[in-house]
Structure formats: C-alpha cells, structure tokens
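Below is one structure, written out as structure tokens; the observations come after it.
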Amino acid sequence: MCCLFFIYKYCFYACQASLHKSNKSLINMYQSVEISVKGDDVMRRISWIIAMVLCFSGLLTACGPKDAESVVKDLNEVVGDLESYQGSGVMTLYSGETPQEYKVEVWHQKPSYYRIALTNAKKNITQIVLRNDDGVFVLTPSLNKSFRFQSNWPDDQGQVYLYETLVRSIVGDNARQFADEDDSYVFDVAANYNTHSLVRQKIWLDKENYSPKHVAVSDANANVVVDVKFDKFEFGTKFEKESFDMQRNMSTGAGQNTTPEEGNTSTINEDVNTPEVTVPESGDKDQGSDQPDQPQGGQPGDEVGGEVDPDDSATLAPGAEEEEASSELGDFGVIEPTYLPNGVNMKDEPTIMETADDYAVMLRYEGTYNYTIIEARPQDRASSYAATTPVDLGFTIGMMTTDLPQTLTWFDEGMEYRITSDNLPVAEMVQIAASMQDQSGK
C-alpha cells in the first residue's frame, strides 16, 4: 500500500508540473503573438504616415513655386510639342516723337507657316507678313502690292510678337533673371533683335500654360522702346487651308471678295535665294569695286540698289517750278528723320524729282556716313527689285538689298521710302526709318 501511495503522489506532482509548464508555454506564446500583432499594427501605421508625408510633399512640390530652371525645362517641352498658335494684342512703339499703337495679330502653324498682321490703330492701315511654301511675302492690301522673298524669316530674325523668339531669348540667356509675380513668371533677359538700340527685355508668361502676356523691350538707358500686351493667346488653333494663302490674304486684307487683278501686285526677289545681310562696319569706305554695276533706284518701280543721281534719273524742277510741283503733290510733303547718326548733317535742301508719271523727293546726308533718302508715291504697277532680305522695322517690314551700296525700302501710309548708302550700318538705317514714322510732311 505504501508503495502504491508513493507512486500515485509522484504521478500527481508530475502531471501538475507538466500542466504548469504547458500553461506557461501557452502564456508565453500568447504574449509573443500579442506583441507581434501590436508590432505589425505599429509598422502599418508608420508606413501609412510615411506614405501620407510623401504624397503631401509631392503635392507641395507640384503646386509650389517653381524656379527658373524648371520653367525653362517646361518651355523647351512646350516649344517641342508646339503645333500651332494664335495671338493678338497691342504693340506700342516709343521710337518717335509720340507713342504709336499697332494692333498685332499672329498666326503660326507647324512647320513654318506664319501670318502677322500689323494695323495702325489710328489710321486703320494694315500690312501683312506671310510665310508659306512659296516663300515670305510682305503684303500691303490697301496699295494692292505684294513683295516676295526667298528667306529663312523668321528663323534668322527675332520678332517681339513671336512665341518662338521669346522662348529662344529666355532659354539662350544663361544670365537670365527670374521672378514669380502673382499669376505670371517674369524673365529679364538680353534682347536678340536686329538693332543695337534694343538691349534688354522683360517677358511675362502665364503660369497655367506659359503663354505670353506682356513683353517690354528697353534700350541701354532702361527706357521702354517696344511694348507688346497680348489680350489673347491660344495654343493648338485649327486654321483653314487658305489661311496662309497670299491671294486670299490680299483679298481679305483689302476688304474685297475677289483676288486682286493679275499684274497689279509687285514681286520682289522672285526665285532668288537671299543670303544673310552683312552689316557694313562704321567708316567702311569700300565702294564695292568688285561688285557688278548696281541698277539705279530713283524712280518708283525701278530696281533698288544704287544711289540716285538726279541728273540721270529725273528732271529737276528749277526755281518757280518747284512750288508748282510741290502743290501738285498734295499731301505728299517731305518727311525728314528726327534721328541722325553722330557726325551726320543734311547736305542741302530736299530735291524734288519729277517725271511724266512720278514725283519723288531726295534728301542727301553726309559726314560720318553718307546716304540718301528717297520719298515717292508708288504707282500701282508691277515692278522688279534686286535681291533683298526682310528687315523688321517694328511698325512694318522693310526690304534690304544684299549688295553694296545697300538700300532699305519700306512702305508707310501709301508712300515708298528708300535709304541708300555704302557705309551706313543696318542698325542705323532701322533707327532712321523708325524716326520718320508718323511724321508730318513739311
């Protein structure tokens, strides 16, 4: 009996110890599971918080202010994807005695179709610059005249109202200044136009789509010379097939329903490839002895290219006949430039040149540069000109001959103007032409 008692007691304690150990293991297992569950929950919460922080940071980066480099990168992408655009606004020129306003309308369609309409807001006179597969045209519908160039314009010349020109100025200036103003990004960059009088420009771009809102071009004294304010600018415009057709633009620009009569429009540089304009250096006295003889340019409709000798090209009205000739010119008047290069003076009084069909006035200047200015009322007839390249004068597009002596020709308010010289730089010609714009005839 005693043995059985001791055996029973031993088994009881052994089972109790085993149960205790099992319970302890279960408790430890539960505790470890509980800790693991709590750890996973904490990790999930931490991961969620990190994700939220990253998303919020991304939103702040996307919606926050941009720096110049990020905007320039975006501009390159916009231009790279550019298919077409249409813009309009008001351009104000401060180069003359009084500011002059022009309505500007710009159309562009990839790859190289352009239509620019410049309208004198006061006088309602429109000139159209057109580029299509046939070349570059300068159209004056009110005079029923068109001039054609073979040129890379506007690739080789910047225009203040062309989007590509503005973006090229921003991207190409590594010393650009940048500002974030309200709903605009503002860049202050170097001006890259065909005149030394324009030095800097400020460009305001819309933050939403980088469309231009305002452009102000200044001279060396920080005076604004050209100011363009866009009231409309849209990307992705759909144009009609005839939007860039020359005859269509001549008709609509003149307020006609039919195309102009054959032979009434002038053609300039027909099928001639024009090289880049080489600006003569100041004081260059090369008379172009190796150049071929230049045609005379004294009569409206004749070829441009040579300085005019009134004895050979027209009959001068002497003495009392000058007053009679002046009265017959009506509102013609004589427009004298308000700007003269340093060291230049008028040589003598304006000379009236008269033929059976035409009247013209010639002004001579001498000094640091020697040049003549011809003013005439053009006849409505076909004419042929020497090889030329277009030059932006701000208020219109002029035609520059490529050989010496060079002649800059432009039309304004029904008048034809020519500056001819063998040593006057193109930049000076442009400034002289701008100073003659909207002057009252004497």
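Any chance you could run the full-extension gain for residue 220 through residue 67? It's 0.36 nm times the residue separation minus the Cα-Cα distance, nm to one decimal. Intermediate values should be presented prior to the final figure.
Details: separation 153, 0.36 × 153 = 55.08 nm, distance 2.74 nm.
Full extension of this stretch gives 52.3 nm more.
Whenever you get a sec, compute what percent of the accessible area on the range 90-184 sits on carbon and sulfur atoms (1.4 Å probe).
42 percent
Give me the base-10 log of I(q)/I(0) for the range 173-224 at each q in 0.16 Å⁻¹, Debye formula, one uniform scatterer per Cα, rounded to two decimals. At q = 0.16 Å⁻¹ the computed log10 ratios are -0.47.
Past 30 Å, Cα to Cα, is the threshold; run 122/207; 145/347; 145/202; 145/241; 123/213 against it and keep the listed order. Among 122/207; 145/347; 145/202; 145/241; 123/213, the Cα-Cα distance tops 30 Å for 122/207; 145/347; 145/202. Among the GluC sites (Glu not before Pro) found in the range 64-150, not one is both in a DSSP coil and sparsely packed, with 10 or fewer other Cβ atoms within 10 Å of its Cβ. Projecting the Cα atoms of 137, 109, 175 onto the charge dipole of the range 97-213 (Cβ charges, centred on the Cα centre) puts 137 farthest toward the positive pole. When each of the peptides 131-139, 399-407 is scored by the mean number of other C-beta atoms lying within 10 Å of its residues, the order from highest to lowest reads 399-407, 131-139. Note on residue 176: accessible area is roughly 50 Å² with a 1.4 Å probe, heavy atoms of protein only. Scalar couplings 3J(HN,Hα) for the range 173-178, obtained by applying the Karplus form with A = 6.51, B = -1.76, C = 1.60 to θ = phi - 60°, are 9, 6, 9, 4, 10, 10 Hz; x denotes Gly and Pro.
The values are calculated or read from the model by the stated rules, or taken from the named source; none is laboratory data. This one's a predicted model, so the numbers in the text were calculated from it and none came from an experiment. Note that we place each Cβ from the backbone using ideal geometry, even for glycine, and neighbour counts take in every protein chain shown. Note: accessible area is taken over every heavy atom of the protein model, side chains too, but ligands, DNA and RNA are not part of it. Shrake-Rupley method; radii C 1.70, N 1.55, O 1.52, S 1.80 Å.
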